[in-house]
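This report refers to the structure that appears directly beneath it.
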């Protein structure tokens with residue numbers, strides 16, 4: 001979705017590849033919430049979640065997830081970041 005946002009901030013139809021790599025700090029243009037899983041440390045998916053939630057906030061969530069024995073990866077527990 002982020003690759004489809006114009007410089008004026010409108011969402012446009014888009015088809016094709018993108019070279020956009022989202023990592024902290026990143027200012028999302030369209031999304032205001034995200035549903036994702038608990039990902040492996042240093043993975044690109046974790047980087048995107050950290051860009052959305054903020055690194056410190058995400059690390060606190062991961063501490064709770066480990067303590068409470070949440071399941072990680074594709075078929076594990078999910079989190080909603082608002």
Subject >> Crossing angle, helix 55-67 versus the chain [Cα axis fit, 0-90 degrees, rounded to tens] >> reply: 30 degrees
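Per DSSP H run of n ≥ 4, the term is -39500 (n - 2.57); total these for the chain, divide by its residue number, and report the mean residue ellipticity at 222 nm rounded to 500 deg cm²/dmol.
Details: 2 runs with 23 residues, N = 82.
Helix contribution divided over all residues of the chain: -8500 deg cm²/dmol.
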Original post:
Where does helix 44-53 land angle-wise versus the long Cα axis of the chain, in degrees 0 to 90, nearest 10?
Top reply: 80 degrees
Original post:
For the residues 56, 27, what sequence is obtained by ranking on other C-beta atoms within 10 Å, fewest first?
Top reply: 27, 56
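At a 10 Å Cβ-Cβ cut-off, how would you order 33, 15, 4, fewest neighbours first? Present the calculation step by step, with values, prior to reporting the outcome.
Numbers: 33 9, 15 5, 4 14.
Ordered from fewest to most neighbouring Cβ atoms within 10 Å, 33, 15, 4 come out as 15, 33, 4.
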Original post:
Taking a spot 7 Å from the Cα of residue 44 along the direction of its beta carbon, which residues of the stretch 61-80 have an amide N less than 18 Å from it?
Top reply: 73-74
Original post:
In bins 10 Å wide, starting from 0, what share of all Cα pairs of the chain does each bin hold, as a percent?
Top reply: 16, 46, 27, 10, 1
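Among 23, 28, rank each residue by its count of other Cβ atoms within 10 Å, from fewest to most, as a rough exposure measure.
Fewest to most other Cβ atoms nearby, the residues stand as 23, 28.
No value in this document is a laboratory result; all are computed from the given coordinates. A quick note: this is a predicted structure, and the numbers were derived from the prediction, not measured. Neighbour counts run over all protein chains shown; Cβ positions are idealised from the backbone, glycine included.
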